[in-house]
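Take a look at the structure below.
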Amino acid sequence: MSASRRIKSRTRTTSLGTVIGITLVLWMLGIQGFVLFNARALERYFKEQVKVELFLKRDLKEVDVMRLRKELDLEPWSAGNVLVTPDQAAAAMKEELGEDFLEVLGGVSPIDPNIQLSIKPAYAQPDSMRWIVDGLRKDARLNDVSYNAAVIDNMERNFTALNIGGLVVLGLLLIVAVALINNTI
C-alpha cells in the first residue's frame with residue numbers, strides 16, 4: 001500500500017513539474033515572438049527617421065530651389081523634404097547652444113540654406129543610401145550632401161543580429177517545448 005502511494009505521489013509531483021515547465025517554456029516562446037514582432041516595428045521607426053541634408057548653393061534662385069524640391073518629391077526613395085533657410089538654421093543653433101553666435105560673426109550667417117530629405121524605410125539600407133547620395137552629389141545646385149553613414153551601417157548590422165539571435169532563441173525554445181510535450185504523452 002505504501003509503495004502504491006509513493007508512486008502516485010511521485011506521478012503527481014512529476015506531472016505538476018512537467019505542466020509548470022511546459023507553461024514556462026510556452027510563455028517564454030510567446031514573449032520571444034512578441035519581442036521579435038516589435039523589433040520589426042522598431043526597425044521601421046528608426047528607418048523612417050533617416051535624413052539626408054542637401055546643402056544648397058547660396059546664389060540659387062527660389063524658383064530653382066522649388067524645382068529641386070519637386071524633383072526630389074518625385075523620386076521613389078523620397079518620403080518628403082523640408083527647406084531650412086539660413087535664418088531658421090541660425091535660430092535652431094542659437095537655441096541649441098544657448099547663445100547668439102551671429103553676434104561674434106557680425107550678424108552674417110555662415111550657414112548655407114539646406115533641404116532635409118526624408119528617405120523611405122525600404123531605401124534606408126547602406127548600399128541604397130550610397131547610391132542615392134552619389135546621385136545627389138552630381139547635382140550642380142548642391143554644395144554638399146551629408147548623411148550619417150555610420151548610424152545606418154550600425155542600425156542595419158544590429159537589427160540583423162537581433163533578428164537572427166531572436167530566431168535562434170525562438171527555435172531552441174520551440175524544440176524544448178516540443179520535447180517536453182512529447183515526453184509527457
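The values are calculated or read from the model by the stated rules, or taken from the named source; none is laboratory data. From a predicted model like this one, the values you see are computed outputs, not experimental measurements. So basically every Cβ, Gly included, is an ideal-geometry build from the backbone, and we count neighbours across all protein chains shown.
In the list I164, I152, which residue meets the criterion of being assigned to a helix (DSSP H, G or I), surrounded by fewer than 13 Cβ atoms within 10 Å (Cβ to Cβ) and at pLDDT 90 or above?
Answer to the selection: I164.
Could you tell me whether R58 is of a type in the set (K, R), loosely packed, with under 13 Cβ neighbours inside 10 Å and within 29 Å of I132 (Cβ to Cβ)?
Working: of a type in the set (K, R): yes; loosely packed, with under 13 Cβ neighbours inside 10 Å: yes; within 29 Å of I132 (Cβ to Cβ): yes.
So R58 passes the test.
Give L68, L72, L54 a once-over and let me know the one that is in contact with a helix residue (DSSP H, G or I) (Cβ under 7 Å, 6 or more places away or on another chain), over 28 Å from V169 (Cα atoms) and either among the small types (G, A, S) or modelled with pLDDT of 90 or more (or both).
From the options L68, L72, L54, the qualifying one is L54.
Exactly one of these conditions fails for M93: (1) surrounded by 13 or more Cβ atoms within 10 Å (Cβ to Cβ); (2) under 30 Å from L24 (Cα atoms). Give me its number.
(2)
What pairs come out if I take residues in the range 121-135 that are under 13 Å from V50 (Cα atoms) and pair them with residues that are of a type in the set (A, V, I, L, M) and buried (at least 17 other Cβ atoms within 10 Å of the Cβ) whose C-beta lies under 6 Å away, six or more apart or interchain?
Hits for this filter: A124/V50; P126/I152; M129/I152; V133/V145.
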